[in-house]
Amino acid sequence: MSYYDDIEFDYDRFWTGRQYEHKSELLALHKLVGNYKSKVAVDIGGGFGRLTKWLVAHSQKVYLVEPSAKMRQAAKQYLVKYPKVAVQAGSAEDTNLPSRCADLVIMVRVLHHLPEAAAALEEARRILKPQGQLVLEFANSLHMLARVRSWLTGRPIIMSPVERRGVENIAAGTIPFVNHHPVAIQKLLKRQGFKVLQILSVSNLRSPLFKKIVPISVLLVLESIFQSLFSSFYFGPSIWVLARRVDKV
């Protein structure tokens with residue numbers, strides 16, 4: 001993804017003021033696979049290693065796969081104290097890893113770059129061992145704010161698999177973005193040979209106003225409650241899925 005290599009794009013700046021979002025995602029990871037110990041874990045599109053560090057405590061070996069040379073260099077610096085992590089070039093569609101090498105794969109903040117998710121899910125399944133687990137995150141086209149806008153404007157929400165949000169200005173620190181319909185993603189997971197085990201609604205209180213007036217400790221207590229409570233109706237802007245690779249006997 002060449003925009004991450006653009007000299008104008010500053011991913012550290014992107015995360016400034018997003019501690020709530022970061023810690024909400026750590027909460028989600030812990031809920032989905034906190035008790036799962038893997039021999040080999042893979043963080044696809046892991047960027048500078050923000051979530052890879054969490055995997056270190058839960059895995060004997062961790063691969064961070066990242067297409068951006070700039071991000072890979074940042075990851076090597078960020079994870080320099082963790083020799084069990086290997087940073088390598090690769091993409092969601094082609095990780096350059098052997099088949100059936102991983103017990104756990106996470107793919108977070110990746111599908112919002114991919115209007116077509118099938119190839120990425122096929123690759124995740126390929127590198128997973130039988131019964132291996134996938135943690136998949138995607139931007140949700142059916143989130144509550146979108147529904148409120150629909151009610152206010154009278155315009156129905158388009159139930160297409162993907163909502164395109166266009167290519168934005170790299171110099172301003174933004175990137176191409178698409179939302180995915182949660183039902184469409186679940187159907188695709190099933191077609192690609194996965195069984196959905198659990199769903200979470202994440203970053204449910206992602207609001208500049210809430211983050212300004214409510215202490216982050218309070219936000220995170222509420223977030224922890226809402227992640228499961230709001231999952232059945234896809235409330236939040238980010239949906240997390242735990243799925244298992246299934247194989248015919």
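Every number here is computed from the coordinates shown, using simple stated rules; none is lab data. Here the structure is a predicted model, which means the values were calculated and not measured. Note: ideal-geometry Cβ built from the backbone for every residue, glycine included; neighbour counts use all protein chains shown.
The table below lists the values:
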{"read-out": "Percent of C-alpha pairs per 10 Å bin, the chain, short to long", "value": "7, 30, 39, 21, 3, 0"}
{"read-out": "Cβ-based exposure ranking for K190, K70, in which fewest neighbours within 10 Å come first", "value": "K190, K70"}
{"read-out": "S99 versus M144: modelled label distance in nm, points set 7 Å from Cα along the beta carbon direction", "value": "4.5"}
{"read-out": "For region 75-90, 3J(HN,Hα) per residue [Karplus equation, 6.51 cos²θ - 1.76 cosθ + 1.60, θ = phi - 60°, Hz, x = Gly/Pro]", "value": "5, 4, 6, 5, 10, 4, 7, 10, x, 6, 9, 10, 9, 9, 6, x"}
{"read-out": "Length released on extending from Q60 to R13, taking residue separation times 0.36 nm less the Cα-Cα span", "value": "13.8 nm"}
{"read-out": "MRE, 222 nm, helices only [DSSP H, n ≥ 4, -39500 (n - 2.57), over the chain, to nearest 500]", "value": "-9500 deg cm²/dmol"}
{"read-out": "DSSP loop GluC sites (Glu not before Pro) with at most 14 other Cβ within 10 Å: longest gap in the chain", "value": "9-115"}
{"read-out": "Listed pairs K31/K211; K39/K84; K61/K195; K23/K81 exceeding 20 Å between Cα atoms", "value": "K31/K211; K61/K195; K23/K81"}
